[in-house]
Amino acid sequence: MSQQELYTSDAAKYWKEALSGKITPLWKMNVDEFESDIALKKMGKIDHKLFAETRLRMGAYGQRYDNGHRYDGKTVRNIPFPEAFKGPDTYWDAPGMQRIKLPWGGLSADQMDLFADLAEEYSDGICHITTRQAIQLHYIHIENCPSMYRRLGALGITTREACGNAVRNVSADPMTGVSPTEVFDVTPYAQAMFEFLLGHPDAQDFGRKFKIAFSGDKEGSSGLVNIHDLGLIAKMKDGKRGFEFYVGGGLGAVPYSAHLFSDFVSEDEILPLAQAVCRVYARLGEKKKRHRARIKFLVADMGFEKFRETVLEARAKLPFDPTWAAYIKDLNRLDEKPSRPAGNGVWPIAATGDAEYDFWVKTNVKQQSQAGYAAVIVTLPLGDITSNQMRDLAAICRKYIKDSVRTVVEQNLLVRWVSQNDLPAFYADLKAIGLHLPGAESILDVTACPGTDTCKLGVSSSRGLAGELRKQLAEKSTHMDDAVRNLRIKISGCFNSCSHHHIADIGFYGISRNVAGYVVPHFQMVLGGQFQHNGGTYGIGVGGIASKAVPGVVEKITGMYSQHRRPDENFHAWVERTGKATIMQSLQDIIEVPPYETDKSYYVDWGDVREYSVKDKGMGECAGEVVTLTDFGLKAADRELFEGQLRFESGDVVSAGSRAYNGMVLAAQALLKLNDIDISSNPDIVMERFTKEFHDTGVFNDPFAGPKFAQYYFQAHTHRGQGLDKDKTSLFLHEAQLFVEAAHSCYARMSMADASTSSATV
Amino acid sequence: MNLQNIQWKIHLADGSAPNVHEWFKALGTWIPDSPEVFVDVADYSHVQDGPVIFLSGHNVAYSLDGTGRRLGLLYERRQPAEGSNAEKLNESFTSTLQHAALLEADGTFKNKPKFLVGDVKFFVNNRGIAPNKDATFATLKPELEALLNKVYGAGAYTLTREPDTRQRFTVHVKAKAAVSVAEALKKLA
């Protein structure tokens, strides 16, 4: 019996067997290893911090209350989870969130069916679309993750590096390929970037996350290149394809605009240049001070010109990799085709007299560059869609289009290639399943991060407020001034900007204020950001508003804008001209918080019934854990050794010996990574370097046993675990265990001496 | 089959349209007061054909559920259960009824919810062990009938499997005569 069988259910065994031939070998290995890690963690063989980063890199996040504390409106109560942990201060049994990457937001009907099933079986029946085109499922139990990963893998989806200090989902403008204004379709480039950097050695040792976005159109919005660590905008030069290449953007508490690294990088150069950026970030980026660890800070600290020079030097030193340009031969492999004949191509679409339908067409239907076809935005309130709706939408998509659905950063779905002739029937089908809401890309389409609903960092209820605003604005939407209707509202539960509040016309982020001894939920208001021009302008903080006063404030500000704006004056320009002081002055009568005794509703947040508190806020995992490649390498050694022991118990002596030896090599290699992250995995090279750098220098010597454990490794290298009888293999397993433990001890000693990264070079 | 991930949904009587705010409050009070490990309540009243108010828990979750466009109390076993299938069925249905009884008596509601114990759905929310097929139905039917005979009496109800194979394994239980929550609990005791 393997360790997996000790801990997995009949269903888990079923999925493992049924899908084993349908998953890529790499993903199969990743999931098998994660399953082993779960078993090892339960046996106490992996520490909390290391396991936390391991699961984060598989997309398995913590969730609010996983520290076992919840404020019930009167007092903080303990949730009686058993004493077992899956991260620092994170209870094992507490449900968590699973983030699932969808490169460039691509989604097929079969994948939609699968998401419906996964949400139903493992989550709460809700798929949540994120502001970076991923899908999140909440209330997940970690034991279900391997089955979920296998089912996703069978349909070509990986969750690897969906969280943690890694390259996150590679996003792209969802209109790319069908946009009338873009330079060219960036989909194949985004896919190539995703495939190239997934698990790439140069992208495994970051101090924080790293986000990449593509846009086909400089003036558009949904690529949002300006707010990303690395961003690329399509460009043609002398008849050749390439990109404007940006580095160092990012939102967070203090937003940074991306720097133009190069105004043209040819298509065959984008992957090596991205690799060089990753290499520089991994080696020179901050690792200890989490709040200064994003690449935007490295660029700021080095100075952009010095940073650029360093990246170009790193690029020049990169050994040639044939995959850099290999994908260009097959650029059309992701091209989409329609399934129905084109419509008449007349645009704008003529009104039918059905006010409800016509309004939906106006707000939710976009012209494609391909005449006769439209891209339809399916508006999802708060980014949520139920399992049954997802399943039904998949069936509708099969009826009208081929697999050409994309997730949208404004938390909606975009159904592309709908024939203009089919729009009335398509609308009727959406209406039958409650997905016909109008108001996409308008003030009604409020974006909100999970906030206090499920996020450990949430301060105020972003989703509660978004729901309330949507309800109130919907009542007025049909007779709104177009200039007001086209505004965007984005709400984050804290300053971390997951909803992109800095680039909203009207943005909010959660804060709390003390009012006469009571803590009152508030939002800081940020005005005048721009979603257009790839998130080109950041808004300015105006002031704190009590949560319950926000709807009144939005009504007042939009009214002022509608009344006082000059012809063609956009909101950003109006805010600048009017000034922060005047705006706040005009809100004074609305924003005053009534005393507790007069109106207790101000002291309860939207979407909640408890009196407000920030006492159950936890520590976030957005930053991941600082875990080195050596940590991961030593964990791999443990896992290999553990597998060897299980093989021995099952009578497979040959495999046991081989696994044990591999464990020793992995442990030695892990230590060598402290000085050289590119260290080969060739056992002979590992042995040679280990001997020179750790044995001959005495660094590996145990304070009491001296070089004894290194000798075990030297002996093992001669037989490599093979040709041993049962008794000798048993002894060898013990020696291998002692060597791996000695490697852990050596690493601990070195860490204490703070010698771990001093010799790293670019 | 080692039955896991059992769900029961007891539909609400027509006319008892819920006040979601009251449901949110009522389910929230179970968190500190129950021996179950409950975690939090989520409001999904903005979506259709799914959960409306969801009480998350470690072993068990409960929700006001609107899946299939019909409202009801949904019991959901989320962790592996031990014992024979008969024991699991009995325990899970009893728990569902006990919590329905709590809600029917809850002073939070201005219009108290009324549950139709004769109009129930049984699910196995696990496609790995129980695909929604006739074979699964044939396997589970005797054990399900053994339980339901106690509640409604043999031959006093019908069982209909949901024909859409995309759905989780679903059986609609329809009793010929009305049964109250209290009566059902008494018969299962």
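Quick grid of which residues meet (1) modelled with pLDDT of 95 or more; (2) outside any loop (DSSP other than H, G, I, E, B):
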| residue | (1), (2) |
| --- | --- |
| A:Thr158 | yes, no |
| A:Ala190 | yes, yes |
| A:Phe214 | yes, yes |
| A:Ser221 | no, no |
| A:Ala253 | no, no |
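Looking at A:Ala109, A:Ala84, which is the one that is touching a Phe, Trp or Tyr at 6+ places or on another chain (Cβ under 9 Å), among the small types (Gly, Ala, Ser), surrounded by fewer than 22 Cβ atoms within 10 Å (Cβ to Cβ) and within 13 Å of chain B (Cβ to nearest Cβ)? Unique residue meeting the criteria: A:Ala84. Only one of the numbered conditions (1) more than 9 Å from chain B (Cβ to nearest Cβ); (2) among the hydrophobic types (A, V, I, L, M, F, W, C); (3) surrounded by fewer than 24 Cβ atoms within 10 Å (Cβ to Cβ) is not met by A:Leu56, and that is (3).
Scanning segment B:26-45 for residues that are within 7 Å of chain A (Cβ to nearest Cβ) and modelled with pLDDT of 95 or more yields B:Ala42, B:Asp43, B:Tyr44.
Selection of segment A:376-396 for residues being more than 9 Å from every other protein chain (Cβ to nearest Cβ) and of a type in the set (Val, Ile, Thr) yields A:Val376, A:Ile377, A:Val378, A:Thr379, A:Ile396.
Entry remark, segment A:160-188: residues being farther than 27 Å from A:Gln98 by Cβ and not in a loop (DSSP other than H, G, I, E, B) number 1 in total.
Among the conditions (1) in contact with a strand residue (DSSP E or B) (Cβ under 8 Å, 6 or more places away or on another chain); (2) facing another protein chain (nearest Cβ under 10 Å), B:His21 misses just one, which is (1). Scanning segment A:521-560 for residues that are out of contact with any Leu (no Cβ under 7 Å at 6 or more places or on another chain), surrounded by fewer than 23 Cβ atoms within 10 Å (Cβ to Cβ) and part of a helix (DSSP H, G or I) gives A:Gln532, A:His533, A:Lys548, A:Ala549, A:Gly552, A:Glu555, A:Gly559, A:Met560. Scanning segment A:422-462 for residues that are on the phi > 0 side of the Ramachandran plot, under 26 Å from the mean Cα position of the chain (by Cα) and surrounded by 22 or more Cβ atoms within 10 Å (Cβ to Cβ) turns up just one, A:Gly451. Taken over segment A:596-613, the criterion of being of a type in the set (Lys, Arg) and either part of a loop (DSSP other than H, G, I, E, B) or assigned by TED's automatic domain parsing to the domain that holds A:Ile511 (or both) is satisfied by A:Arg610 alone. Considering only segment A:227-248, I want to know if a residue exists there that is surrounded by fewer than 22 Cβ atoms within 10 Å (Cβ to Cβ), in a loop (DSSP other than H, G, I, E, B) and either at negative phi or in contact with a helix residue (DSSP H, G or I) (Cβ under 9 Å, 6 or more places away or on another chain) (or both). No, segment A:227-248 contains no residue that is surrounded by fewer than 22 Cβ atoms within 10 Å (Cβ to Cβ), in a loop (DSSP other than H, G, I, E, B) and either at negative phi or in contact with a helix residue (DSSP H, G or I) (Cβ under 9 Å, 6 or more places away or on another chain) (or both). Checked against the criteria, B:Gly15 does not count as within 8 Å of chain A (Cβ to nearest Cβ) and either assigned to a helix (DSSP H, G or I) or at pLDDT below 95 (or both). Give the residue, chosen from A:Leu674, A:Leu733, A:Leu666, A:Leu724, that is outside any helix (DSSP H, G or I) and touching a Gly at 6+ places or on another chain (Cβ under 7 Å). When all the criteria are applied, what remains is A:Leu724. Looking for something without any contact (Cβ under 8 Å) to a residue 40 or more places away in the chain and within 11 Å of another protein chain (Cβ to nearest Cβ) - is there at least one such residue anywhere in segment B:69-76? Taking every residue of segment B:69-76 in turn, at least one turns out to be without any contact (Cβ under 8 Å) to a residue 40 or more places away in the chain and within 11 Å of another protein chain (Cβ to nearest Cβ). Of the residues making up segment A:641-690, those that are of a type in the set (Val, Ile, Thr) and out of contact with any helix residue (DSSP H, G or I) (no Cβ under 8 Å at 6 or more places or on another chain) number 2. If you go through segment A:537-552 one residue at a time, do you hit one that is more than 18 Å from A:Leu487 (Cβ to Cβ) and touching a residue at least 60 places away in the same chain (Cβ under 8 Å)? Checking segment A:537-552: at least one residue is more than 18 Å from A:Leu487 (Cβ to Cβ) and touching a residue at least 60 places away in the same chain (Cβ under 8 Å). Checking each residue in segment A:453-487 for being within 14 Å of chain B (Cβ to nearest Cβ) and either part of a loop (DSSP other than H, G, I, E, B) or touching a Lys or Arg at 6+ places or on another chain (Cβ under 7 Å) (or both) picks out A:Asp453, A:Thr454, A:Cys455, A:Lys456, A:Gly458, A:Ser461. Pairs are defined by a Cβ separation below 8 Å, a sequence spacing of at least 6 or placement on different chains, a first member in segment A:299-327 that is in the same structural domain as A:Glu269 (by TED's automatic domain parsing), and a second member that is at pLDDT 95 or above and in a loop (DSSP other than H, G, I, E, B); the pairs so defined are A:Val299/A:Gly248; A:Ala300/A:Gly248; A:Phe304/A:Gly248; A:Phe307/A:Gly248; A:Trp324/A:Asp268; A:Trp324/A:Glu269; A:Ala325/A:Glu267; A:Ala325/A:Asp268.
Of all residues in segment A:89-105, one or more are part of a loop (DSSP other than H, G, I, E, B), more than 11 Å from every other protein chain (Cβ to nearest Cβ) and at pLDDT 95 or above.
When segment B:112-131 is limited to residues that are among the β-branched types (Val, Ile, Thr) and surrounded by 20 or more Cβ atoms within 10 Å (Cβ to Cβ), the one that is farthest from the other protein chains (Cβ to nearest Cβ) turns out to be B:Val117.
The values are calculated or read from the model by the stated rules, or taken from the named source; none is laboratory data. If you're wondering where the values come from, they're calculated on a predicted model, not measured in any experiment. Quick reminder, even Gly has a Cβ in these numbers, built from the backbone with ideal geometry, and neighbours come from all protein chains shown.
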